[in-house]
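Remarks on the structure that follows.
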Amino acid sequence: MKAQDFLTVRDMSQEEILATFDLALDMKADRMKYADALKGQSLAMIFEKPSLRTRTTFDIGIQQLGGYSLYLSPAEINLGKRESVYDVAKNLERMVQGIMIRTFAHQIVIDMAEFASIPIINGLTDYSHPCQAMADFLTIKEYKGDFKGRKLCYVGDGNNVAHSLMFTGARLGVDVTVACPPGYEPNLIAFQHAVEDAKATGARIEVVHDAAEGVKNADAVYTDVWASMGQEAEAAERRRIFLPYQVNEDLMARAKSDAIFMHCLPAHRGDEVTDGVIDAPNSVVFPEAENRLHAQKAIMYQLMKK
Ligand code: CP
Ligand code: NVA
């Protein structure tokens, strides 16, 4: 991988994404083969929001590669308030070999990458969640075999996860339809970036407001929470607005008959997805969560190996 940081999937070419998937699958097949790959290297994990999957998979992932992790909670760093992003970067680059950061404004990871001489990995911002999308498309590769001509429909809020799915689909030639309520479309710049990137692969990137229309012919139906971390105050209003976008058995029946169901998790069962869908045999939400581990090990290896 050429880029020193991983802030968005757009940092990688199609070749680099596919090579990362191959490496991730090799790591998944034989964990011990890479047991010393990042021996003695340390990863600082800065979390300004809660996490189950991201924390666990980065923590265990670096350990499985022979390295160490350090969890830094919001109370410890208080980024930009107790200490500036610049000063945090200038301290940590002398102590650890990589930084994973989960925060609010995307500009914080951009600044951190500019200031720090070590790799910065985006573990979720309000704008994007690239490690999630890498695990998601790795899962699609495992379940569908190929990418060309496939269609993913993301139903729900045009948020960080939706952006990263559009970017990855555009790079890999997978059509991505976002079906969302009016007023909750993906960020316009993110959409334009995806459309621009898709010119090279022929992927169709589109936004629709009718969920039933969106899932037509989809190989994968994906959803996420209606109110993301930081939007808790809007949860009640969003529940009312997003109700027609619930992924339930009726909606799944309108996708391809062998469509898989995907969700980044955590899920709010009964809101964006019904138990009947998330617990169905074609739901891949837990393999998807596991693939966070394998995809991120491959990403850390490529960025941090000496
Ligand atoms: N999907 C995901 O990023 O989960 P966490 O918020 O638990 O890390
Ligand atoms: N869109 C969600 C994703 C959680 C993994 C959020 O930002 O809270």
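Brief remarks follow.
- Output for the stretch 196-236, where each listed residue is of a type in the set (Ser, Thr, Tyr) and within 16 Å of ligand 2 (Cβ to nearest atom): TYR222, THR223, SER228
- Residue within the stretch 49-57 that is assigned to a helix (DSSP H, G or I), within 16 Å of ligand 2 (Cβ to nearest atom) and touching a helix residue (DSSP H, G or I) at 6+ places or on another chain (Cβ under 6 Å) present: yes
- Of all the numbered requirements in (1) over 28 Å from ASP30 (Cβ atoms); (2) part of a loop (DSSP other than H, G, I, E, B), ASP146 misses one, and that requirement is (1).
- Residues in the stretch 254-284 that are under 22 Å from LYS216 (Cβ atoms) and among the aliphatic types (A, V, I, L, M): ALA255, ALA259, ILE260, MET262, VAL273, VAL277, ILE278, ALA280, VAL284.
- Residue selected from the stretch 247-266 under the condition more than 16 Å from ligand 2 (Cβ to nearest atom) and assigned to a loop (DSSP other than H, G, I, E, B), by the criterion surrounded by the most Cβ atoms within 10 Å (Cβ to Cβ): ALA255
- If you check ALA218, ALA200, ALA212 for being closer than 23 Å to GLU288 by Cβ and among the hydrophobic types (A, V, I, L, M, F, W, C), only one passes: ALA218.
- Looking only at residues in the stretch 201-226 that are aliphatic (A, V, I, L, M) and touching a residue at least 40 places away in the same chain (Cβ under 8 Å), the one that is surrounded by the most Cβ atoms within 10 Å (Cβ to Cβ) is VAL221.
- Hey, LYS144 over 17 Å from the mean Cα position of the chain (by Cα), over 23 Å from LEU52 (Cα atoms) and at pLDDT below 95 or not: no
- Residue among ARG10, ARG102, ARG31 that is closer than 25 Å to TYR143 by Cα and either buried (at least 18 other Cβ atoms within 10 Å of the Cβ) or in contact with a Lys or Arg (Cβ under 7 Å, 6 or more places away or on another chain) (or both): ARG10
- Applying the criterion of being part of a loop (DSSP other than H, G, I, E, B) and within 30 Å of SER13 (Cβ to Cβ) to the residues of the stretch 267-306, the residue that is modelled with the highest pLDDT is VAL284.
- Those residues of the stretch 272-299 which are more than 16 Å from ligand 1 (Cβ to nearest atom) and either touching a Phe, Trp or Tyr at 6+ places or on another chain (Cβ under 9 Å) or touching a residue at least 12 places away in the same chain (Cβ under 8 Å) (or both), in sequence order: THR274, GLY276, VAL277, ALA280, ASN282, ALA298
The values are calculated or read from the model by the stated rules, or taken from the named source; none is laboratory data. Just so you know, these numbers come straight off a predicted model, no measurement behind them. Note: ideal-geometry Cβ built from the backbone for every residue, glycine included; neighbour counts use all protein chains shown.
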